[in-house]
1. Within the stretch 302-317, how many residues turn out to be in contact (Cβ under 8 Å) with a residue 40 or more places away in the chain and not in a strand (DSSP E or B)?
2. Suppose we filter 143, 175 for residues that are more than 23 Å from residue 225 (Cβ to Cβ) and crowded, with 17+ Cβ neighbours inside 10 Å; which single one remains?
3. Among (1) in the same structural domain as residue 265 (by TED's automatic domain parsing); (2) at pLDDT 70 or above, there is one condition residue 108 misses while meeting the rest; what is its number?
4. From the set of residues in the stretch 323-355 that are more than 17 Å from residue 311 (Cα to Cα), modelled with pLDDT under 85 and part of a loop (DSSP other than H, G, I, E, B), which is farthest from the chain's Cα centre (by Cα)?
5. With the requirement that a residue be under 31 Å from the mean Cα position of the chain (by Cα) and surrounded by 18 or more Cβ atoms within 10 Å (Cβ to Cβ), what does the stretch 208-240 give you?
6. So which of 114, 107, 160, 149 is crowded, with 16+ Cβ neighbours inside 10 Å, free of Cβ contacts under 8 Å to residues at least 24 places away in the same chain and assigned to a helix (DSSP H, G or I)?
7. Considering only residues of the stretch 358-375 that are touching a strand residue (DSSP E or B) at 6+ places or on another chain (Cβ under 6 Å) and surrounded by fewer than 18 Cβ atoms within 10 Å (Cβ to Cβ), which is nearest to residue 318 (Cα to Cα)?
8. What number of residues within the stretch 163-187 satisfy the criterion of being in a loop (DSSP other than H, G, I, E, B) and in contact (Cβ under 8 Å) with a residue 12 or more places away in the chain?
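The values are calculated or read from the model by the stated rules, or taken from the named source; none is laboratory data. For clarity, every value in this text was computed on a predicted model and none was experimentally measured. Please note: Cβ atoms are built from the backbone with ideal geometry, for glycine as well, and neighbour counts cover all protein chains shown.
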């Protein structure tokens, strides 16, 4: 049974939080399917390595490097967006936050009027994430959002109706924008390109995307890869106010509610990380024989150290866990106290306690167990 420290608990919690964040960002995107496949291949690699299937494990190990390069090339946008989300500095910059719409009720009435007229529309509300990499072919407008403006944009006879409008801080900054399509397989057949575009952007960013169906006149909101239908202007007004408020609504929730929200995936990630920790910690590390130089302290005043034999010792180290780095990668020294040394030749014993090693390593042997040192007075000339 491996020794469990407070550092190990923090280690498990940090890894669990990071893995859950990656899961929550990727679970509704095509990258999640690739990550799941990689997890299966990695598990097969470790199984074949432990069971002695040398050829299979060697092939999987060699193919792993190529697969990683392919993933970086194919999913570079998702990786870049993930790294951007890890940066918490953006929450400290007020200019990057979306303001609360000045008249959400008026906006909701306008949206339902468009839906009543069966005018298809896409509206993108930018929040914290940068959307430049995900929008293309947009036409710059930079106009204050209003009912007449939206009505004129989404009329079938206008050149800007086919695409999405980008809204930042109550202003329509672009129109006729093309959005990335979702690869989700669970969408009903009646959902067309507009709904896939709305979901595609919400899967990759924290943007709020509103979509109006031209065929059915439905109004839906896409947030975090989920599409929810809005039935009344009042419902839409309330939801927009919640999502587009200046402060992140998820941070306003009570801590216990956020802690137990989405409990099943969180528990699965925590259990998996804990199991991996126990498997790696239970596996004894290698026994390494490393040369360790000698260092000295406490030499009496008026004395000088003139000779040391040997100048280094050989230490056998055992890693108590498979998580500990190899002892050969460490810079170790054996520190010996010279406070009891007398002028002339001295034989000093070297014990296991003289070698300081980091946590997770154990000194199991030292050779030789004694060293000879010669100490002379400073004023005395050596013969």
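1. Within the stretch 302-317, the first condition is being in contact (Cβ under 8 Å) with a residue 40 or more places away in the chain, and the residues that meet it are 302-310, 313-317.
Subsequent filtering for residues that are not in a strand (DSSP E or B) retains 302, 310.
Count: 2.
2. Working: 143 fails: crowded, with 17+ Cβ neighbours inside 10 Å.
Only one candidate qualifies: 175.
3. Status for residue 108: all satisfied but (1).
4. 330
5. Filtering the stretch 208-240 down to residues under 31 Å from the mean Cα position of the chain (by Cα) leaves 208-211, 220-228, 239-240.
Selection gives 208, 209, 210, 211, 220, 221, 222, 223, 225, 227, 239, 240.
6. On the way: 114 fails: free of Cβ contacts under 8 Å to residues at least 24 places away in the same chain; 107 fails: free of Cβ contacts under 8 Å to residues at least 24 places away in the same chain; 160 fails: assigned to a helix (DSSP H, G or I).
Testing whether each residue is crowded, with 16+ Cβ neighbours inside 10 Å, free of Cβ contacts under 8 Å to residues at least 24 places away in the same chain and assigned to a helix (DSSP H, G or I) leaves just 149.
7. In this case the residue turns out to be 362.
8. Going residue by residue through the stretch 163-187, those that are in a loop (DSSP other than H, G, I, E, B) are 163, 169-170, 179-187.
After this cut, where a residue has to be in contact (Cβ under 8 Å) with a residue 12 or more places away in the chain as well, the list is 163, 169-170, 179-184, 187.
Residues in the stretch 163-187 being in a loop (DSSP other than H, G, I, E, B) and in contact (Cβ under 8 Å) with a residue 12 or more places away in the chain: 10 in total.
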